Amino acid sequence: MPELNASPPNPPSPPWDVIIIGAGAAGLFCAGIAGQRGLRVLLLDHSEKVAEKIRISGGGRANFTNRELDAQAPHKHFIGANPPFCRSALSRYTPADFVALVARHGIAFHEKHKGQLFCDRSAEDLIEMLLREAGAGGVQRRQPCKVAAVRQGADAIYAVDTDGGSERSRALVIATGGLSIPKIGATDFGHRMARRFGLRLVDTRPGLVPLTFNGEGWLPYTGLAGLALPVGISTGVGGARGAFVEDLLFTHRGLSGPAVLQISSYWQAGTPITLDLVPGLDVQAALTQAKSASRRLVANELATLIPSRLATAWAQLDAEWQRPVAEVSNKALARLAERLARWQLVPEGTEGYRKAEVTLGGVDTRDLSSRTMESKQPGLYFIGEVVDVTGWLGGYNFQWAWASAHACAMALPP
């Protein structure tokens with residue numbers, strides 16, 4: 001862990017207007033806007049490649065925003081200790097604004113479902129766009145460049161000591177992201193910076209992450225890896241409740257797919273999730289009708305409602321469900337219908353940061369300006385995933401990156 005108050009190895013150079021640490025989505029975008037405003041911008045990153053998270057997102061096509069985002073009601077799509085915090089930035093830089101920029105650069109894109117926008121060709125097109133924007137602003141970029149220490153002198157100038165020397169600026173922007181996907185360079189640098197300057201942190205945990213299961217109760221489902229189906233899913237206590245209708249995917253270690261990734265951000269350890277395996281269908285009515293007209297096994301009837309492998313596994317859970325449907329009591333069929341519609345189970349845990357798409361928690365928004373992203377430490381700004389603002393799956397987190405970066409860049413003093 002670098003020492004954050006070590007002496008600079010070299011004499012300080014003349015100050016930049018702003019140094020941005022982190023060349024991901026938020027950092028690159030902020031650098032381009034600030035540079036085009038006429039500011040002298042230095043962008044640093046410890047990785048050899050910029051924007052790795054953009055590169056791997058959306059199956060390599062980058063789900064870069066979502067048209068359904070409601071900036072006036074951020075609690076619909078964002079969570080954190082204070083969801084309304086993000087309203088200011090999101091309302092001043094909207095999905096339509098970013099779409100206009102993408103179109104201006106001639107990048108073809110398409111909408112999948114629920115407002116999700118993806119590049120037609122590759123996420124590389126989006127990265128190249130951000131690099132061109134930074135180039136148009138005269139941004140100086142150094143990478144790989146490791147930061148050894150950050151200090152602020154009596155003159156209020158920030159000194160950033162790197163393995164390539166010491167740099168100075170009037171403003172410092174932290175855009176280093178969270179802890180998710182360490183194999184592409186995620187670290188806790190931004191959180192350490194916050195603590196270094198006396199800012200509060202909201203406890204962090206993996207978000208948009210697969211859930212794991214174990215134990216005897218999970219044995220009937222261990223052979224279902226690769227099976228997918230649409231479900232209703234819900235969890236939560238108090239005000240932190242989530243409910244979605246999305247696709248579920250069985251894995252070798254538990255459950256994944258959009259439904260589980262979404263609900264994982266609301267799930268708390270030790271609490272259950274509830275699954276509706278047949279959303280929108282009256283299962284009891286369907287089974288009652290089958291009882292009067294069919295001699296097939298319950299598993300065969302279930303296979304008309306859910307995938308056959310799951311139907312077989314489910315029927316094995318109760319001896320009464322292993323008979324022809326016509327021979328099963330109404331009470332047993334009602335019990336089956338109830339369990340299918342409200343399957344409650346408690347995850348063992350999650351796949352952790354290695355599989356998480358985002359980090360929940362981060363820099364406490366009580367210590368940041370919602371309009372400028374400046375912290376209570378003058379001249380120090382935090383943007384993007386490092387902040388305690390987490391969006392739903394589907395492009396919302398990228399839109400927060402663009403909006404928080406824009407708010408910061410427009411507020412930086414000339």
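Out of region 398-412, which residues are aliphatic (A, V, I, L, M) and part of a helix (DSSP H, G or I)? First the steps, then the outcome.
Our first condition is that a residue be aliphatic (A, V, I, L, M); within region 398-412, this holds for 401, 403, 405, 407, 409-412.
Across region 398-412, the qualifying residues are A401, A403, A405, A407, A409, M410, A411.
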Of the criteria (1) within 29 Å of T359 (Cβ to Cβ); (2) modelled with pLDDT of 95 or more, which one R309 fails: (1)
Residues (within 28 Å of the chain's Cα centre (by Cα) and open to solvent by 10 Å² or more (accessible area, probe 1.4 Å)) located in region 149-174: none
Single condition A96 does not satisfy, out of (1) farther than 28 Å from S264 by Cα; (2) in contact (Cβ under 8 Å) with a residue 60 or more places away in the chain: (2)
Residue among L305, L340, L360 that alone is within 28 Å of L248 (Cα to Cα), open to solvent by 20 Å² or more (accessible area, probe 1.4 Å) and of a type in the set (A, V, I, L, M, F, W, C): L305
Leading residue by the ranking (most open to solvent (accessible area, probe 1.4 Å)) among those in region 194-245 that are outside any helix (DSSP H, G or I), modelled with pLDDT of 95 or more and of a type in the set (D, E, K, R): D203
Of all residues making up region 306-323, the number that are more than 32 Å from the chain's Cα centre (by Cα) and either without any contact (Cβ under 8 Å) to a residue 24 or more places away in the chain or within 15 Å of A286 (Cα to Cα) (or both): 8
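Select, from R37, R61, the only residue that is at pLDDT 95 or above, over 20 Å from G395 (Cβ atoms) and not aromatic (F, W, Y).
On the way: R61 fails: over 20 Å from G395 (Cβ atoms).
None of the others qualify; the one that does is R37.
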In region 94-120, the residues that are within 28 Å of E246 (Cα to Cα), assigned to a loop (DSSP other than H, G, I, E, B) and either open to solvent by less than 50 Å² (accessible area, probe 1.4 Å) or among the small types (G, A, S) (or both): T94, A108, G115
Filter result (part of a helix (DSSP H, G or I) and over 23 Å from V150 (Cα atoms)) within region 378-397: Y396, N397
Yes/no for W402 being open to solvent by less than 10 Å² (accessible area, probe 1.4 Å), modelled with pLDDT of 95 or more, over 18 Å from T176 (Cα atoms) and not β-branched (V, I, T): no
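The values are calculated or read from the model by the stated rules, or taken from the named source; none is laboratory data. Given the structure is predicted, the values throughout are model-derived calculations rather than measurements. Counting neighbours? That spans all protein chains shown, and the Cβs are built from the backbone with ideal geometry, glycine included. The protein model used for the area step is the full one, side chains on, heavy atoms only, and it has no ligands, DNA or RNA in it. Shrake-Rupley method; radii C 1.70, N 1.55, O 1.52, S 1.80 Å.
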